[in-house]
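Beneath this line is the structure, given in structure tokens, with notes to follow.
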Amino acid sequence: ELLKSRHPIVSLDGVGGVGKSALAIELIKELYASQKYLFIASLSAKSKVWVGHTSTRVSGFSGMTEFLRELAAVLCVPADADASNLKQTVVREMEGVDGLILVDNIEDVDDPEILRFLSLEVPAPVKVLVTSRIDRGLGALTKSIPEMDKSEARDLLAQELKALGFKGNDERPGLVQEIIEATGCLPLAIKWAASLAVSSNSLAEASRKIRTTDATKKE
């Protein structure tokens, strides 16, 4: 609904691990299938990814020139070696076109030229969707992604344990609730708790680890 408004930029905000990227990806899949937009450029500035533990990754672009090259590839236009000419070409190609640009984890973008481009230079009617843990000053229309309630968190933990093939038992009453409290109902933390339970075959051990403050938990 926010993307249907006249506002050019929409931001999905929320704490880390709440599910902003997952929501954005599902939305992009739906919009792609609906063929609402003539083009969709989906780019990620994320430099870390969850794979059972925190791992570094190469972001979708390193700076303004590479960002423009990625847009040019989606728009099927020549990626001119000169950055200023490339920007003009990309902007001209987008003018008057119903398109969507997603930038995931925009808090990891260090190049101010990219932020300026998104907020001031992307032509109408192209929409910009970003996910962010912080306000980058884009003047975006903000949608805050709420944390799950405890019932939803318990359901997610049960689903994750089943999906990972957990064979252990609830060793003592209130253990699941203890884990939920320790995760703060954050989806990413709940998934981590489930992986800890499977690796140790113990919910009690998962609870102990997730309630312990150490370098791994901070990551």
For region 169-195, enumerate the residues that are of a type in the set (A, V, I, L, M), open to solvent by 20 Å² or more (accessible area, probe 1.4 Å), out of contact with any strand residue (DSSP E or B) (no Cβ under 7 Å at 6 or more places or on another chain) and under 25 Å from SER21 (Cα atoms). ALA182, LEU186, ALA189
Note on region 62-78: residues open to solvent by 10 Å² or more (accessible area, probe 1.4 Å) and hydrophobic (A, V, I, L, M, F, W, C) are MET64, ALA73, VAL74, LEU75, CYS76, VAL77
Any residue at all in region 135-145 that's out of contact with any strand residue (DSSP E or B) (no Cβ under 9 Å at 6 or more places or on another chain) and open to solvent by 20 Å² or more (accessible area, probe 1.4 Å)? yes
The one condition PHE166 fails out of (1) part of a loop (DSSP other than H, G, I, E, B); (2) at pLDDT 90 or above; (3) open to solvent by 40 Å² or more (accessible area, probe 1.4 Å) is (3)
Checking ILE25, ILE9, ILE114 in turn, the sole residue that is at pLDDT 90 or above and in contact with a Phe, Trp or Tyr (Cβ under 9 Å, 6 or more places away or on another chain) turns out to be ILE114
Selection count where residues are open to solvent by less than 10 Å² (accessible area, probe 1.4 Å) and either among the hydrophobic types (A, V, I, L, M, F, W, C) or in contact with a Leu (Cβ under 7 Å, 6 or more places away or on another chain) (or both), scope region 96-134: 15
Would you confirm whether or not region 80-93 contains a residue that is at pLDDT below 90, of a type in the set (Val, Ile, Thr) and open to solvent by less than 70 Å² (accessible area, probe 1.4 Å)? no
Quick one: how many residues across region 169-196 are closer than 26 Å to LEU2 by Cα and assigned to a helix (DSSP H, G or I)? 2
Residues (touching a residue at least 60 places away in the same chain (Cβ under 8 Å), assigned to a loop (DSSP other than H, G, I, E, B) and farther than 14 Å from LEU100 by Cβ) located in region 1-26: GLY14, VAL15, GLY16, GLY17, VAL18, GLY19
Quick one: count up the residues across region 117-140 that are among the basic types (Lys, Arg) and at pLDDT below 95. 2
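The values are calculated or read from the model by the stated rules, or taken from the named source; none is laboratory data. Computed from a predicted model, the values in this text were never measured in an experiment. Every residue, glycine among them, receives a Cβ derived from its backbone with ideal geometry; neighbour counts consider all protein chains shown. Protein only, heavy atoms only, side chains kept; ligands, DNA and RNA dropped before computing areas. Shrake-Rupley method; radii C 1.70, N 1.55, O 1.52, S 1.80 Å.
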